[in-house]
Amino acid sequence: MEETQWTLPGPISVIIANETKRPENSKILNNLKDCLEVFRNSSSNLPSTYFIDPKTFSGQPGLEGTIQFAACFSNDLFTKLENQSEAILKSDVAVILEIAQEVLQLKAAGIGAGVPILLGKSLSDQDGIPGTSLSLKIIKEAEVSRHLGYCSASTVARLSRCLSTYKFVTSTGMNSKDYQLGSSDGTRQMFILEEIGASGTVLAVSNQIINLVLQKRIEVIPSGPVFGTVTIPGTY
C-alpha cells in the first residue's frame, strides 16, 4: 500500500505507511480501539500527527466499541459496518482502514464528546451481566429505550443483527439467569437510543423500569400438535 495521509479537523494528520516511514513524535494507532480512544484527552495534550502501519493495524480490538459508537452517532458508519461485515471479518485492510478513517474523522470533529455515557455503559458487573458482554448491555439498554417508546423494535433488531454478524453476544438464551439490578429504588443515567446514529440523549431512568426489561423472557417452543377448544368472548 502506498503512503497515504489523512487530514482531520484540528488540524491533525494521520500517516498510513510502512513502519520505517513513521515520523518522529507521531503517535501510533494499532487498532480500532486506539482510534476510538485517541481524542479522549483535552485537545491541548493531543499530538498533531498519528501513524498507522497497514501491515499490523487490526480491526478486531475495538470493533464492538465501533458498532456502539456508530449506533449512537453515525448511521453512515453503522451502515458501512453492516454492508462490509464480510470484508471486515476477513481482515480486509483497505476496508478496515476506511472504517478507521471515518471513526477518526467523527472523533476529531468532536462527535460524541459532550455525551457523558454511551449506549451499553449504564449496566455493570454488579447488575449481573459480565463486564466483557458490552454487546449484551448495548441490546438490553436499547430495549429500555424501546420500552419507553423512544425507538422502534426494528431499530433494536437492526442493532442486534449487526452485533450478531460479528459474533457478539446479543441474547442471554433460554437457560440464562434472570438479570436484575440490586435495587428497584432510584434512577440511573442511561443513553436513550431513538434511531441508529441519531445522537440520542441521556436521561435518568427508573431502576424499576430497567428491572422490568432485564427480566428473562418466557418463550413458547412448539412440541407437537396441540388439541383443544378455543372460545371467543361473546360467542357462548
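The values are calculated or read from the model by the stated rules, or taken from the named source; none is laboratory data. Fair warning: this is a prediction, and the values are worked out from it, not measured in the lab. Reconstructed Cβ throughout: ideal geometry from the backbone, glycine too, with neighbour counts over all protein chains shown.
Every residue, every condition in (1) at pLDDT below 85; (2) of a type outside the set (Phe, Trp, Tyr); (3) under 20 Å from the mean Cα position of the chain (by Cα); (4) at negative phi, yes or no:
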site	(1), (2), (3), (4)
Ser154	no, yes, yes, yes
Lys167	no, yes, yes, no
Leu193	no, yes, yes, yes
Thr229	yes, yes, no, yes
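For segment 11-35, name all the residues that are part of a strand (DSSP E or B) and farther than 14 Å from Phe57 by Cβ. Hits for segment 11-35 are Ile12, Ser13. Checked against the criterion of being at pLDDT 90 or above and more than 26 Å from the chain's Cα centre (by Cα), the candidates Ile67, Ile15 yield just one match: Ile15.
For segment 108-121, which positions are buried (at least 20 other Cβ atoms within 10 Å of the Cβ) and over 27 Å from Ala204 (Cβ atoms)? Selection gives Ala108 alone. The sole residue among Glu86, Glu102 that is under 24 Å from Ala17 (Cβ atoms), charged (D, E, K, R) and modelled with pLDDT of 95 or more is Glu102. Candidates are the residues of segment 60-72 that are buried (at least 22 other Cβ atoms within 10 Å of the Cβ) and out of contact with any Phe, Trp or Tyr (no Cβ under 8 Å at 6 or more places or on another chain); the one that is farthest from Pro23 (Cα to Cα) is Gln68.
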